[in-house]
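The values are calculated or read from the model by the stated rules, or taken from the named source; none is laboratory data. What you see is a predicted model; the values in this text were computed from it and never measured. Here Cβ is always computed from backbone atoms with ideal geometry, including for glycine, and neighbour counts include all displayed protein chains.
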């Protein structure tokens, strides 16, 4: 069964969950704010994704803007980025789809279709 880290007030998360239901994909929803992935999980998801680590940041989020991470990320090491990402689920791009072999931050229907 796939896991989907979501935030209940996020419209993109709602759209992604509806897509999963419409396509009859068995899934487990995890509240990204209350039960966000820890650093170890994020490292695993990053490796599975093959994406740049910056793609895991919720760049449109209020906390991201408040912390001025757009200015700070370039000067950070990967370890520092993982530490910050793991500190608060609202910094993680959502929804975050996790399957046995893939991790996809954000909802892109084609990428989700391919992974599932």
Legend entry - Matching residues, region 54-71, being surrounded by 13 or more Cβ atoms within 10 Å (Cβ to Cβ) and closer than 10 Å to residue 90 by Cβ: 58, 61, 63, 64
Legend entry - Count of region 89-102 residues which are within 15 Å of residue 1 (Cβ to Cβ), out of contact with any strand residue (DSSP E or B) (no Cβ under 7 Å at 6 or more places or on another chain) and in contact (Cβ under 8 Å) with a residue 40 or more places away in the chain: 2
Legend entry - In region 87-102, residue surrounded by the fewest Cβ atoms within 10 Å (Cβ to Cβ) [restricted to those that are under 13 Å from the mean Cα position of the chain (by Cα) and in a helix (DSSP H, G or I)]: 90
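Yes or no, residue by residue, for (1) over 11 Å from the mean Cα position of the chain (by Cα); (2) modelled with pLDDT of 95 or more; (3) part of a loop (DSSP other than H, G, I, E, B); (4) over 29 Å from residue 25 (Cβ atoms):
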| residue | (1), (2), (3), (4) |
| --- | --- |
| 40 | yes, yes, no, no |
| 43 | yes, yes, no, no |
| 47 | yes, yes, no, no |
| 85 | no, yes, no, no |
| 104 | no, yes, no, no |
| 110 | yes, no, no, no |
| 113 | yes, no, no, no |
Legend entry - Residues satisfying the stated conditions in region 12-37, i.e. out of contact with any helix residue (DSSP H, G or I) (no Cβ under 6 Å at 6 or more places or on another chain) and within 12 Å of residue 116 (Cβ to Cβ): 16, 19, 20, 23, 24, 25, 26
Legend entry - Test set (1) surrounded by 13 or more Cβ atoms within 10 Å (Cβ to Cβ); (2) more than 18 Å from residue 107 (Cβ to Cβ) - residue 74 fails condition number: (1)
Legend entry - Selection count where residues are in contact (Cβ under 8 Å) with a residue 24 or more places away in the chain and either over 17 Å from residue 100 (Cβ atoms) or part of a helix (DSSP H, G or I) (or both), scope region 21-38: 9
Inset, instruction - Considering only region 4-28, state which residues are closer than 20 Å to residue 85 by Cα and surrounded by 15 or more Cβ atoms within 10 Å (Cβ to Cβ). - result: 4, 5, 6, 7, 10, 12, 13
